[in-house]
Amino acid sequence: MTAIAPRFGPQLIRLLLVTAVLTVGLLGALAGTASAHAALTGSDPKDGAVVDVAPREVTLTFSEQIAMGDDSIRVLDPSSKRVDVAKMQDLSQGGTVRYAVGLKPGLPDGTYTVAWQAVSADSHPVSGAFTFSVGAPSATTATVPDQEAGGGLVGTLYDAARYISYAGFILLVGGAAFVLACWQRGASVRPLQRLVVGGWVTLTAATLVLLLLRTPYTGSGKLGDMFDLGGLSDVLDTKTGAALVSRLLLLGAAALFIAVLFGAYAKRVTEAEAESEQDGEGNTEAGKAKADLAFGLSLGGTVVAAGIAGTWALSEHASTGIQTGLAMPLDVLHLLAVAAWLGGLVSLLVALYRVPDLERAAVRRFSRIAFTSVVVLAVTGVYQSWRQVGSWDAWTDTSYGQLLLVKIGLIAVLLGAAWFSRRWTGLLGEDAKTAEAGAEADAEAGVKVGVKAGVDVAEETAEENVAEAGTAADPERAAQLARQRTALATARKKRDRDADTERSGLRRSVLIEACVALVVLAVTTALTGTEPGRTQEKEVSRTGTEAAAPAPARPVSLTEPFDTGGTKGKGTLRLTIDPASPGTNLMHVWIDGPDGKPMDVPEVKVAYTLKSQQIGPLPVVPERLAAGHWSAGNVQIPMPGDWHLQVTVRTSDIDQTTIEKNVKIG
């Protein structure tokens, strides 16, 4: 039967609001750590290279398979005009992923900018830019997007839709599983119906938003492009687009499942309970029909739920990297266990707060299912951690490992709350046995039970007489009395429920579990958008440097004595680089004699080399501004790192020396 739902208490509302705010804040904090899976591992010409003759094409090499369009690689001259021609060429062979784009013939000397954008194999966009020079570096005004692919407002909306889609999946699958496996009479309870239907609506709406946002998310970054039909057509040809469309089709089957669950099945449950009360036996025709329908719903629902979970496994981290044939089915199993545990937890919370007559047996059934789900999560989670993290150092040295540690800590808190819930559940069972024994003792004594039964019969008789009198006098009055009788019965059940200490303790512990689960879901969503630790370590070993946030730019200055060995060959070199960051820098060189006064020399030359990336030497020939003062206003430094600086000072036709020093750029 459906009961009138009591309102949520002020403490519950405050706790849920605080949890929601913390969850949103956590998502915002974690958004900056998210990074994509694929990475640019090499190029020809190399980043920062200076070539004598303009190349015929530019080639880019990536760490794994990516998706690129004809406009994914753009080459811009110093005035921001495109100099790439023809369509992009896929030169991938074996395990090497390489793409190339041709250039116009006869390019003049100067610095050229290569901007690229692609979609990683795990559905996340990647982008970047680098420069190379023909002849000698020059001033450039080429502009590239000031935000990474997948960032900005579109990226925020896309990440929010991903979080909401996970939440909808958990409510849909977990709520339906709770009804079928734990509390079959819940199929007729309106709050649980709203919960499952709300999960379906949430997941469907979020999937549609993800499909529409896919074009600007992986392309222009402009929100208005979400309604570009041409872009949508291109998205449907990708792995992620196919997964989202498949999810929508499976949600159509899920809608039919929900209609049967809350329609025909709920009716069969009611009929079976009515026949069981009349016959005193559970093996009735309606009971057999209910069991058959429950078996069909369980089988069909499992297939649909596994299919929806598979749309994530086929398009995200599980579909890339090592052992994908094992990783994808285990990822599906992991998602189903999460939904059964967390979705069932929310369903139990709703039932405890909104349904006065929740059966104790339903709570105990869910406790067993939750325990099984935790075991499955532990097994699949250990495998996923080994596969994605890769090494012990990656737990602390990579953003993926750090997020995973946060998730494990939250799971530990969640398990602690679940332990208290299991204790309260055990007390519910003990309370039920105690009540049953007390009822038998009272029946034998013939005192309390008889009095209570007499009072109940008197109340019911009086209510029936009032209702009959009201019906005879006024039909509207009769309807009003019927509503009042229902409200009194519900209030009586609520009063009995609130007086149950064990049930109140269970509600509090389950509420804490649900709040922690919200934060766990936020961390899990961030993990799906973060580059796995195993891949980050591969990039570190390949490049020799770790991807780290650049240090604040600040000028670099050095002072070094020199001696060329000839007459008047001793002095002091002073050099400054401003702002000492990737891009255009201003360099000044001063030469002072032993007396501290400016010392004029015939020639000063400077060269920069980034040995870790095999870039350079990049020559710089400063201009003489005054006696003892040289300057270069367009020193191009392509990337941050520990650069090896060489300054050559010539004091005569045959006397010169080279000063070498390492300087930190960026």
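The values are calculated or read from the model by the stated rules, or taken from the named source; none is laboratory data. All of these numbers come straight from a predicted model, not from anything done at the bench. So basically every Cβ, Gly included, is an ideal-geometry build from the backbone, and we count neighbours across all protein chains shown. Heavy atoms of the whole protein, side chains included, go into the accessibility calculation; ligands, DNA and RNA do not. Shrake-Rupley method; radii C 1.70, N 1.55, O 1.52, S 1.80 Å.
Quick notes
- As a ratio to 2.2 N^0.38 Å, the alpha-carbon radius of gyration computed for the range 285-332 takes the value 1.67.
- Stretchable slack from LEU229 to THR648, in nm (0.36 nm times residue separation minus alpha-carbon distance): 144.8 nm
- Per residue, the accessible area of the range 623-662 comes to 50 Å², computed with a 1.4 Å probe over protein heavy atoms only.
- Between amide H atoms placed 1.01 Å from N, distances below 5 Å from GLY42 occur with THR61, all of them 5 or more places distant or on a separate chain.
- For GLU359, no residue whose modelled amide H falls within less than 5 Å of its own remains once neighbours fewer than 5 places apart on the same chain are excluded.
- Neighbourhood charge, 14 Å Cβ-Cβ cut-off, centred on ALA294 and excluding it, Lys, Arg +1 and Asp, Glu -1: +3
- The Cα-based radius of gyration of the range 211-276, divided by its Kirkwood radius, gives an Rg/Rh of 1.38.
- By the equivalent-ellipsoid construction on the alpha carbon gyration tensor, the range 145-260 comes out with semi-axes of 33, 14, 10 Å, ordered largest to smallest.
- Taking amide H as placed 1.01 Å from N in the peptide plane, ALA49 has its amide H under 5 Å from the amide H of SER133, each at least 5 places away in sequence or on another chain.
- Within the full protein context, the accessible area of THR584 is estimated at about 70 Å² for a probe radius of 1.4 Å.
- Largest-first principal axis extents, alpha carbons of the range 279-379, Å: 59, 31, 21
- Reciprocal mean inverse distance between Cα atoms of the range 190-336 - Kirkwood radius, Å: 17.9 Å
- Here the Karplus relation 6.51 cos²θ - 1.76 cosθ + 1.60, evaluated at θ = phi - 60°, turns the backbone of the range 288-302 into coupling constants of 5, 5, 5, 5, 5, 5, 5, 5, x, 5, 5, 5, x, x, 5 Hz, with x for every Gly and Pro.
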